[in-house]
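What follows is one structure encoded as structure tokens, with my remarks underneath.
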Amino acid sequence: MRRLVLSAAHKSSGKTTLTLGLLRAFADRGLAVQPFKKGPDYIDPLWHGLAAGRPSWNLDFFTMGRDEIAATFAAKAQDADLALVEGNKGLYDGMDVEGADSSGALAHLLKAPVVLVIDTRGMTRGVAPLVLGYRAFDPGLAIKGVILNQVAGPRHEKKLREALARYADIPVLGALARDPGLVIAERHLGLVPANEASEAEAAVARIAKAVGDQVDLDRLLDLAEAGPFPHGAAPKPAAPKPDLRIGIARDAAFGFYYPDDLDAFARGGAQLVPFDTLGDATLPEGLDGLFIGGGFPETHLDRLAANRSLIEDIRGRLAAGLPAYAECGGLMYLARSIRWGDRRAPMVGAIPGEVVMHDRPMGRGYVQLEETGAGPWPLMRPKGGAVVAHEFHHSTIEDLPKGGRFAYRVARGAGIDGAHDGLVIGNLVATYAHLRQVGETPWVDRFLAFVRQIRR
């Protein structure tokens with residue numbers, strides 16, 4: 001199994017751009033390339049999937065054990081010619097001072113070599129001590145080469161290459177010229193998601209052309225570890241014939257879904273039935289439950305509010321007891337309204353509060369939740385212990401009635417009110433936290449068990 005970790009000295013060095021270009025460039029050569037993303041992230045994996053033609057999987061030390069990370073990697077990459085892992089932040093960055101949760105630690109776990117992306121703006125000879133320091137910091141880590149990014153021109157590139165050749169003795173696998181045309185648009189939560197970007201395919205093709213022209217793909221492929229991966233992939237059980245129909249919002253406003261969760265629905269006997277919050281007049285018929293994940297409803301306020309027939313259908317079905325789960329963007333959509341600056345748009349109204357957008361994050365990072373027992377689902381941790389998840393939102397929800405029911409107490413994070421998350425209204429659970437069906441967080445299994453209970 002050929003495998004490679006693409007990392008950097010610090011965040012915003014161009015890892016995602018290089019990853020997208022490499023994924024598509026290798027795919028255009030006829031290789032099956034399996035993308036992975038370290039850490040909790042929805043947006044980068046959406047772009048990965050578009051570039052590679054297959055879903056990207058998250059490898060996250062906070063929500064997954066080491067054995068589960070290795071097993072996931074082995075299972076998803078077993079039929080690929082190359083497994084390409086995009087790290088997050090810098091190579092040695094993380095919450096743990098010993099680096100146990102860093103991209104470097106992930107490379108060690110996967111026994112994968114590392115290629116460093118170096119943002120060379122404002123740098124010439126200084127690139128050499130930077131790379132030397134990164135190699136010396138962990139001599140056991142196989143940093144096999146560098147890709148120079150944001151190169152100003154031929155003279156700049158020549159100076160960088162000469163410094164690395166003289167002092168660092170490390171292969172330069174490519175030099176990507178500074179080019180505004182390779183920049184993917186960003187906004188308050190990072191890159192614009194690929195499910196929203198109207199020219200996403202053109203952007204990926206443009207990046208792949210630049211990377212293919214300026215990076216030595218053959219040499220990079222040769223440097224990828226080709227030995228056997230020490231963790232075997234367990235056989236995947238066949239999904240049962242579905243006996244449940246779960247509606248799932250899949251459109252430009254809502255697209256944040258982990259492939260682990262989607263697989264868990266299939267393994268649990270549920271057919272996911274997509275609907276479009278921007279265009280469908282009603283929910284699909286015959287639904288047993290509803291799942292509205294994260295996204296950017298705030299950037300689609302007018303179209304969401306204009307689709308009154310769907311809003312009224314959702315509100316009516318929830319009031320009638322349809323089991324539902326909503327995360328972050330889904331919570332926002334089910335609120336009474338969303339206000340962003342001087343704009344206010346009415347939403348579904350199943351949650352009696354107004355969502356207000358802010359200029360800075362109101363909740364960001366990993367969260368730990370304690371189940372209160374007030375939620376409608378069976379407990380995920382019946383013997384106690386924290387439910388681990390993550391959140392990233394610029395909104396708060398205001399004017400909620402006092403005395404509401406919550407499925408979780410927040411031990412770490414912001415949640416809905418700083419102390420609670422998982423608002424329970426009838427058979428609806430709505431939360432700012434993003435859960436993921438891994439390890440000891442079997443939320444999909446518990447949700448489906450509740451749906452079956454209600455149907456009976």
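The values are calculated or read from the model by the stated rules, or taken from the named source; none is laboratory data. Since the structure is predicted, the reported quantities are computational estimates derived from the model, not experimental observations. No Cβ is skipped: glycine too gets one built from the backbone with ideal geometry, and neighbour counts run over all protein chains shown.
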Residue ID - surrounded by the fewest Cβ atoms within 10 Å (Cβ to Cβ), chosen from residues in the stretch 325-346 that are touching a residue at least 24 places away in the same chain (Cβ under 8 Å) and of a type in the set (Gly, Ala, Ser): Ala345
Inside the stretch 311-324, can you point out the residues that are part of a loop (DSSP other than H, G, I, E, B) and either touching a residue at least 60 places away in the same chain (Cβ under 8 Å) or surrounded by 15 or more Cβ atoms within 10 Å (Cβ to Cβ) (or both)? Gly321, Leu322, Pro323
Check Gly330, Gly294, Gly321 and return the single one that is within 20 Å of Thr431 (Cα to Cα) and in contact with a Pro (Cβ under 9 Å, 6 or more places away or on another chain). Gly330
Need pairs with beta-carbon distance below 9 Å; first residue over 22 Å from Thr372 (Cα atoms) and touching a residue at least 12 places away in the same chain (Cβ under 8 Å) and within the stretch 386-402, second aliphatic (A, V, I, L, M) and in a loop (DSSP other than H, G, I, E, B); sequence gap 6+ or separate chains. Phe392/Leu189; His393/Leu189; His393/Met362; His393/Ala414; His394/Leu189; His394/Met362; Ser395/Met362
Tell me, please, whether a residue that is under 20 Å from the mean Cα position of the chain (by Cα) and surrounded by 18 or more Cβ atoms within 10 Å (Cβ to Cβ) can be found in the stretch 109-117. yes
Of the residues that make up the stretch 347-357, is at least one loosely packed, with under 15 Cβ neighbours inside 10 Å and closer than 16 Å to Asp399 by Cα? yes
Identify, please: which residue in the stretch 6-56 is more than 16 Å from Ala205 (Cβ to Cβ) and among the acidic types (Asp, Glu) and is, among those, surrounded by the fewest Cβ atoms within 10 Å (Cβ to Cβ)? Asp41
Residues that are in a helix (DSSP H, G or I) and more than 17 Å from the chain's Cα centre (by Cα), drawn from the stretch 1-22: Leu18, Gly21, Leu22
Pick from Ala407, Ala374, Ala414: which is in contact with a strand residue (DSSP E or B) (Cβ under 7 Å, 6 or more places away or on another chain), aliphatic (A, V, I, L, M), without any contact (Cβ under 8 Å) to a residue 40 or more places away in the chain and over 24 Å from Gln271 (Cα atoms)? Ala407
Just wondering, is there one or more residues in the stretch 354-366 that are more than 26 Å from the chain's Cα centre (by Cα) and over 21 Å from Tyr258 (Cβ atoms)? yes
Residue under question is Val367, and the condition is that it be touching a Ser or Thr at 6+ places or on another chain (Cβ under 7 Å) and assigned to a strand (DSSP E or B); does it hold? no
Would you check if Thr396 is of a type in the set (Ser, Thr, Tyr), under 27 Å from Phe61 (Cα atoms) and either under 19 Å from the mean Cα position of the chain (by Cα) or in a strand (DSSP E or B) (or both)? no
(1) modelled with pLDDT under 95; (2) in contact with a strand residue (DSSP E or B) (Cβ under 8 Å, 6 or more places away or on another chain); (3) farther than 27 Å from Phe265 by Cβ: which one isn't true of Val356, the others all being true? (1)
For the stretch 265-310, how many residues are in contact (Cβ under 8 Å) with a residue 40 or more places away in the chain and of a type in the set (S, T, N, Q)? 2
Subset of the stretch 367-391 that is farther than 13 Å from Tyr432 by Cβ and among the β-branched types (Val, Ile, Thr) - its residue that is farthest from the chain's Cα centre (by Cα): Thr372
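To keep it simple, each residue is scored yes or no on (1) without any contact (Cβ under 8 Å) to a residue 12 or more places away in the chain; (2) in contact with an Asp or Glu (Cβ under 7 Å, 6 or more places away or on another chain); (3) farther than 22 Å from Ala226 by Cβ.
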site: Asp101; (1), (2), (3): no, no, yes
site: Leu106; (1), (2), (3): no, no, no
site: Leu110; (1), (2), (3): no, no, no
site: Arg125; (1), (2), (3): no, no, yes
site: Gly133; (1), (2), (3): yes, no, yes
